[in-house]
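Remarks on the structure that follows.
No lab work stands behind these numbers, since they all come straight from the coordinates. Here the structure is a predicted model, which is why all the values come from computation and not from measurement. Neighbour counts are summed over all protein chains in view; Cβ atoms, including those assigned to glycine, are modelled from backbone coordinates with ideal geometry.
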Amino acid sequence: MKMKSALLALALMLVSQLAHALDAGVSYAVYATPEKPYLEINIEIAAASVMYRHVDSTMLQASVEVLILVKQGDETVKFDKYVLNSPLVDFPQALLDVKRMSLPNGDYLLEISFVDVNDSENKALFKRPLKVAVGTQIHLSEVQLLRGFRRDDTDNPFTKNGFFLEPLPFLFYDQGSKLLAFYAEIYHSNKDIQDPAYLVRYFIEQEKGNDVTNLISIGHQRKKPSPIDAVLVQMDISKLESGNYFLTVEVRNAANELLATRKVAFQRSNPLLEMPEKELTEEFVQQQFVQQMDEAALRYGLRAVSAYAIGEEPEMLKNILQGGDLSKMRFYLFRHFMREDPNNPEQAYKKFLELAAAVDKKFRSGFRYGFETDRGRTFLRFGRPDDLVTVENEPGAVPYEIWVYYKFPKTQQNNVKFLFYNPSLAGEDYLLLHSTARGEISNPRWERVLYSRNSTEYVEDGNYHDATGTQRNLGRNARQYFQDF
């Protein structure tokens, strides 16, 4: 309990040091009901920019006074004033809110002021021109960028059309983001479009400077004309490098004529994607998740990822484990998962640990971790087989298994097979005897080895030294299994 209190005190101290200016992100869009248009405002206040105070010995809360003004000239036509309270939390987190208010068509000024209730000198002001112009012709709303969305039929204020929409008011996708999501609405397409379907086209461009852009990705949806239609899309941005981007959404008819368009700018941070490995310094690694791992955790993780080691990597990994230098262990482990997922190496590591634990439990032989066995290594590298044959009591053979992969993207092969056998008859200690996968063990004499209990039985020509197979006897099925699956 004392340790937790100390951590809370440290968190509060760090937040108070960082909270030099209230950091509020605001995004807004004009939507419409069948009766009238309305303004939707999404607000996010960064946790590090407001003062959190103890509510009791363990829980924290922050509060921000929000004043929303919608003006025409000197006249305020809409306003809302309230205090935005964070939930009771044990560690500071961002404050989120959404507000909606009806507005007739017209030109306005949107002004939102923020004041930290726990520090009245900590303020922020947001001002933007606002245009409401939803008529009776086809209309595309502003595009709302999202962190993500999920199905949700509750009355949560962030839920719309059966989906919980998590807003992105700062218009910034950080290193851990893999998907860009967005929401928009289209009105009155049934009045302007006579075709049975129309096209919603969307694309991402990277800003290169001097009004030059580079097209990155593109997608589309076909929709039937209707009074109102929602557009909810997600796009892969895992390979987008750090920089400034534009998302453009277009509505086009069957003749590819542009009927409506919207564009929104966003920023992307993906520092590990473009970082050359030669710049992956020890100082940089010391700031990553591996720095918190002790020697036991490092050794476990390195032994698990050894299944992926190829070329000179196995020898390098062996030397690292024998040497006991923790900094080298951390460097190797972080580099491996940075290669696996530059967006979020830590998350990739955690998912891998779950898989490694399951493989360890399934294939543990009593002599080593389950992921260090031949079957465990194969499972980790290539996944679950599409088909599997287990044979434990075949005449003349030791127990064996045949794994089949119908599609094998690692080598672009089809119907790849692995044959494991248990020559020692000791528990689950199966060894890889033969495989058709390129780069894996290929043993033309695998039948002779598998049926070595009956070493006097050869192929029909009686060639003892060069024979690769055995005679077809009743109950001897390995060849048939290997060929038929």
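Write down Rg/Rh for the stretch 99-181, rounded to two decimals, with Rg from the C-alpha atoms and Rh from the Kirkwood relation over Cα pairs.
1.02
For Lys71, list the lysines whose Cα falls under 21 Å from its own Cα; do not include residues on the same chain fewer than 8 positions away.
Partners within reach: Lys36, Lys81, Lys99, Lys123, Lys127, Lys131.
Taking Cα atoms of the chain, Rg/Rh with Kirkwood Rh, to two decimals?
1.10
Treat each spin label as a single point 7 Å out from the Cα along the C-beta direction, and report the Ser226 to Leu326 distance in nm.
For Ser226 paired with Leu326, the spin-label model returns 5.9 nm.
Using only the alpha-carbon atoms of the stretch 1-134 as identical scatterers, what base-10 log of I(q)/I(0) does the Debye formula give at q = 0.11, 0.15, 0.19 Å⁻¹?
-0.47, -0.74, -1.00
Give the calculated FRET efficiency between Leu125 and Asn156 to the nearest 0.05, with a Förster radius of 25 Å applied to their Cβ-Cβ distance.
About 0.30, to the nearest 0.05.
Once fully extended, how much extra length lies between Asn85 and Asn414, figured as 0.36 nm per residue of separation less the alpha-carbon to alpha-carbon distance?
Stretched fully, the Asn85-Asn414 segment lengthens by 112.7 nm.
Based only on the alpha carbon positions, what is the Kirkwood hydrodynamic radius of the stretch 206-357, in angstrom?
Result for the stretch 206-357 stands at 19.2 Å.
Mean residue ellipticity at 222 nm from the helices of the chain, using -39,500 (n - 2.57) per DSSP H segment of n ≥ 4 over the full residue count, to the nearest 500 deg cm²/dmol?
Theoretical 222 nm ellipticity from helices: -6000 deg cm²/dmol.
Enumerate the amide H contacts of Thr213 below 5 Å, restricted to partners 5 or more residues apart or on another chain; note that Pro and chain-start residues carry no placed amide H.
Amide H to amide H, under 5 Å and 5 or more residues apart or across chains, Thr213 pairs with Lys208.
Using a 10 Å Cβ count of at most 11 others and DSSP loop calls, identify the longest part of the chain lacking such GluC sites (Glu not before Pro).
36-256
Under DSSP H, which helices of the chain have Cα atoms covering 18 Å or more of the helix axis and a Kyte-Doolittle average no less than -0.5?
Span-like helices, by this rule, are 2-18, 326-340, 345-363.
Over the stretch 277-374, consider all pairs of different Cα atoms and compute the Kirkwood hydrodynamic radius from their mean reciprocal separation; express it in Å, one decimal.
Across the stretch 277-374, the inverse of the average 1/r is 13.9 Å.
What FRET efficiency comes out for Leu258 versus Glu312 if R0 is 45 angstrom and r is the Cβ-Cβ distance? Round to the nearest 0.05.
0.25
Per residue, how big is the convex hull around the C-alpha atoms of the stretch 207-295? Give it to me in cubic angstrom, could you?
So the per-residue Cα hull volume is 177 Å³.
Just rank Tyr31, Tyr349, fewest to most, by other beta-carbon atoms within 10 angstrom.
Tyr31, Tyr349
Largest first and in whole Å, what are the equivalent-ellipsoid semi-axes of the stretch 136-270 based on the Cα gyration tensor, each being the root of 5 times an eigenvalue?
26, 21, 11
Hey, rough spin-label estimate for Asp387 and Met101, points 7 angstrom out along Cα→Cβ, what's it come to in nanometres?
6.7 nm
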